[in-house]
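Each remark here refers to the structure printed beneath this line.
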Amino acid sequence: MHDLFMPASVLFAIAGSLLFYLAAPGQRWLRAPLAPRPCRTLATVFVSTAFVIGAKGLNPATSLAVVFTAVMACLTACPFIGVLLARSRLQGASR
């Protein structure tokens, strides 16, 4: 049972990060950002849930480190993925 806590924690952290990113005005995945207030609220709930789930399976300090690492990795990768998406859209439009 404890083996499921960390993957679930990381998935919740990534889901929260994606919501934070998609609600940002500078996001490049969608034509317009999602509604900021509900998305940020839900993202905060997801990231907090990720910490709680991880703390049940591991030490709370370890859970916090894992959640922060997953959030930082996701928020770092999202803009790069946005550039790749924009580039593929431009190539698709030029054909």
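Measure off 7 Å from each Cα along the Cα-to-Cβ vector at residue 65 and residue 31, then give the distance between these two points in nanometres to one decimal.
Once both label points are built, they end up 4.5 nm from each other.
Note down the relative contact order for the chain as a percent, whole number, built from C-alpha pairs under 8 angstrom at least six residues apart.
Taking the mean separation of contacting Cα pairs over the length of the chain, I get 36 percent.
Given 50, 18, 68, which one lies farthest toward the positive end of the charge dipole of the chain, if we put +1 on the Cβ of every Lys and Arg and -1 on the Cβ of every Asp and Glu?
18
Please give the contour-minus-distance gain from residue 42 to residue 75: 0.36 nm per residue of separation, less the Cα-Cα distance, rounded to one decimal in nm.
That pair, residue 42 and residue 75, stretches by 10.3 nm at full extension.
What number do you get for the stretch 2-93 when its Cα radius of gyration is normalised by 2.2 N^0.38 Å, N = residues?
After normalising by residue count via 2.2 N^0.38 Å, the value is 1.21.
Where a number appears in this text, it was derived from the coordinates with a stated rule and is not lab data. Just so we're clear, the structure is a prediction, and the values are computed from it rather than from any experiment. Using ideal geometry, Cβ is built from the backbone for each residue, glycine included, and neighbour counts are taken over all protein chains shown.
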